[in-house]
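*Asks:* Following this message is one structure expressed as structure tokens.
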Amino acid sequence: MLSESDLGAIWLTLRLATTVTILLLILGTPLALWLARTRSIIKGPVSALVALPLVLPPTVLGFYLLVFMGPSGPMGKFTEALGLGTLPFTFWGLVFASLLYSLPFVVQPIQNAIEAQGARHAEVAATLRASPWDTFWHVTLPLAKPGMLTAAVLGFAHTVGEFGVVLMIGGNIPGETRVVSVQIYDHVEALEYTQAHWLSAAMIGFSFAVLLLLYLLQHRNSSRGMRYGI
């Protein structure tokens, strides 16, 4: 069944996915709000940059992040100047890479949910003398809750399933960067097919549960919208 190494990889993967999802919701929500409401000419380029990981090969993103965070890269020099060392082949290096790689899976659902609200709710709040901050917390965010739930589920699941980026940035360090996808790869390389089957089956079950949860949430929100004529 699952070895101690497998359980360690599962725990590290869940820790990584949870950390990345929380950070993406915090950082991605303002970006999604700006993209949904702005009429700036740079909206197109920014949207393209956000969506770039959807079409970019993971190894390409991983390679340039490795250069960017390495000893000779801008971020590497900055973190070394702070006494933090470099981020590649560390847990926080995986977090940074995963933030970029899973960004569109969080930003786009939130952006779509905010755009679907239209401007009417914000205008009504403004007539009641609500500040932009109050409108954001008490009107925009509650109405965008379905999109945020979808974003959280997709961001978490996508981070769990990463392979190319985490292998490029984190390598294969037990307890530090060896996540489930890398652990399965190790089992296959060592011809340990039974262990690979167990972990792969767990990943399939997890992926199915995530998609089922997502569809149930979407169905519930759709039914509620039809009930109230939204």
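The values are calculated or read from the model by the stated rules, or taken from the named source; none is laboratory data. Please read all numbers here as calculations on a predicted model, not as lab measurements. Here the Cβ positions follow ideal geometry from the backbone for every residue, glycine too, while neighbour counts run over all protein chains shown. For the accessible areas, the whole protein counts, side chains as well, though only heavy atoms, and no ligand, DNA or RNA atoms are used. Shrake-Rupley method; radii C 1.70, N 1.55, O 1.52, S 1.80 Å.
*Asks:* Does the chain classify as rounded, prolate or oblate by the C-alpha gyration tensor (a ≥ b ≥ c root eigenvalues; a/c under 1.5 gives rounded; else a/b over b/c gives prolate, otherwise oblate)?
*Replies:* Taking the square roots of the gyration eigenvalues as a ≥ b ≥ c, the chain is oblate.
*Asks:* 5 Å is the cut-off here: which amide hydrogens, built 1.01 Å from N in the peptide plane, fall below it relative to residue 70, excluding neighbours closer than 5 in sequence?
*Replies:* Sorted by chain and number, the residues that satisfy this are 76.
*Asks:* So if R0 is 22 Å, what FRET efficiency would residue 173 and residue 27 give, r being the distance between their Cβ atoms, rounded to the nearest 0.05?
*Replies:* Details: r = 26 Å, r/R0 = 1.19.
About 0.25, to the nearest 0.05.
*Asks:* If you don't mind, another one. Calculate one ³J(HN,Hα) per residue across the range 146-154 by plugging θ = phi - 60° into the Karplus curve 6.51 cos²θ - 1.76 cosθ + 1.60, and present them in order as whole Hz with x for glycine and proline.
*Replies:* Result, ordered by residue: x, x, 5, 5, 4, 4, 5, 5, 5 Hz.
*Asks:* Just the number, please: carbon plus sulfur as a percent of the accessible area of the range 45-86, 1.4 Å probe, no ligands or DNA/RNA counted. Let's see the in-between values first.
*Replies:* Details: 1960 of 2570 Å².
Of the solvent-accessible surface of the range 45-86, carbon and sulfur hold 76 percent.
*Asks:* How large, in percent, is the carbon and sulfur part of the accessible surface of the range 131-226 at a probe radius of 1.4 Å? Write down the numbers at each step before the final one.
*Replies:* Details: 3720 of 5280 Å².
Answer for the range 131-226: carbon and sulfur cover 70 percent of the accessible area.
*Asks:* Something else about it: Tilt of helix 180-189 relative to the longest C-alpha principal axis of the chain, in degrees (0 to 90, nearest 10)?
*Replies:* In the chain, helix 180-189 runs at an angle near 30 degrees to the longest axis.
*Asks:* Run the dipole for the chain about the Cα centre, Lys and Arg Cβ at +1, Asp and Glu Cβ at -1, nothing else charged, and hand back the magnitude in debye, nearest 20. Let's see the in-between values first.
*Replies:* On the way: 12 positive and 11 negative charges, 242 e Å.
Dipole about the Cα centre, nearest 20: 1160 debye.
*Asks:* Quick query: amide H of residue 178 versus all other amide H atoms, modeled in the peptide plane; which residues come in under 5 Å with a sequence gap of 5 or more or a different chain?
*Replies:* The list, which skips near neighbours in sequence, is 173.
*Asks:* Return the sequence-ordered ³J(HN,Hα) values of the range 131-141 in whole Hz as given by the Karplus equation 6.51 cos²θ - 1.76 cosθ + 1.60 applied to θ = phi - 60°, using x for Gly and Pro.
*Replies:* With coefficients 6.51, -1.76 and 1.60, one gets 6, x, 5, 5, 4, 5, 6, 9, 10, 5, 5 Hz.
*Asks:* Can you work out the Karplus-derived ³J(HN,Hα) for every residue in the range 61-72? Use 6.51 cos²θ - 1.76 cosθ + 1.60 with θ = phi - 60°, whole Hz, and x for glycine or proline.
*Replies:* Result, rounded to whole Hz: 4, x, 5, 6, 5, 4, 5, 5, 9, x, x, 9.
*Asks:* Per residue of the chain, what 222 nm ellipticity follows from adding -39500 (n - 2.57) for every DSSP H run with n ≥ 4, rounded to the nearest 500? Walk me through the numbers before you get to the answer.
*Replies:* On the way: 12 runs with 169 residues, N = 230.
Dividing the helical sum by the residues of the chain leaves -23500 deg cm²/dmol.
*Asks:* Helix 4-37 against the longest principal axis of the chain: what's the angle in degrees, Cα atoms only, rounded to the nearest 10?
*Replies:* So the helix axis and the longest Cα principal axis differ by about 30 degrees.
*Asks:* By how many nm would the segment from residue 11 to residue 54 lengthen if fully extended, with 0.36 nm per residue of separation less the alpha-carbon distance? Can you show the working numbers first?
*Replies:* Working: separation 43, 0.36 × 43 = 15.48 nm, distance 2.62 nm.
Separation in residues times 0.36 nm, less the Cα-Cα distance, equals 12.9 nm.
*Asks:* Here is a further query. Under a 1.4 Å probe, what is the accessible area of the chain per residue, stated in Å²?
*Replies:* Numbers: 13130 Å² over 230 residues.
That works out to 57 Å² for each residue.
*Asks:* Right, here's the next one. Relative to the longest principal axis of the C-alpha atoms of the chain, give the angle of the C-alpha long axis of helix 91-101, reported between 0 and 90° and rounded to the nearest 10°.
*Replies:* 50 degrees
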